[in-house]
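Asks: Encoded as structure tokens, here's the structure I'll be asking about.
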Amino acid sequence: MAEESFNQALEIFARIGDNVGRANVTQSLGHLYRLQGLNTKAAPLFAEAKDLYMQVGDFKMVKLCSDWLGVAPKQGDLSATSPPLAGDASVSSPSH
């Protein structure tokens, strides 16, 4: 359900040309996949969000997406039954 809603929002933001909205939703969808242990699906979304944030000049979010890009591929895909990773209490910043 959440994935479908994110994809609908992406379609709307693309249609109206709102790159900030696209970036925010793309990053959020990446976090959804990451929290589900689907890091191979999350990483390309963080990369896309990073590019969109670069286009709109939000360099704080460019850095944050870069940080997440450094974390997700290293973790690989995790089983849905895997325990949460240490320091994974928030999606706002990666744990190093």
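The values are calculated or read from the model by the stated rules, or taken from the named source; none is laboratory data. Remember, predicted model here, so these are calculated numbers, not experimental data. Note: ideal-geometry Cβ built from the backbone for every residue, glycine included; neighbour counts use all protein chains shown. With ligands, DNA and RNA removed, areas are computed over all heavy atoms of the protein, side chains included. Shrake-Rupley method; radii C 1.70, N 1.55, O 1.52, S 1.80 Å.
Asks: Look through segment 3-22, keep the residues that are open to solvent by 50 Å² or more (accessible area, probe 1.4 Å) and among the aliphatic types (A, V, I, L, M), and return whichever of them is farthest from the chain's Cα centre (by Cα).
Replies: I16
Asks: Oh, and also: Six or more apart or on different chains, Cβ under 9 Å: which pairs go from a residue in segment 1-22 that's basic (K, R) to one that's modelled with pLDDT of 95 or more? Could you list them?
Replies: R22/A9; R22/L10; R22/F13; R22/A14; R22/E48; R22/A49; R22/L52
Asks: Between a first residue in segment 53-72 that is without any contact (Cβ under 8 Å) to a residue 60 or more places away in the chain and of a type in the set (V, I, T) and a second residue that is assigned to a helix (DSSP H, G or I) and open to solvent by 40 Å² or more (accessible area, probe 1.4 Å), which pairs have beta carbons less than 9 Å apart while being 6 or more apart in sequence or on different chains?
Replies: As it stands, the answer is V56/N19; V56/V20; V62/K50; V62/D51; V62/M54, since those pairs meet every condition given.
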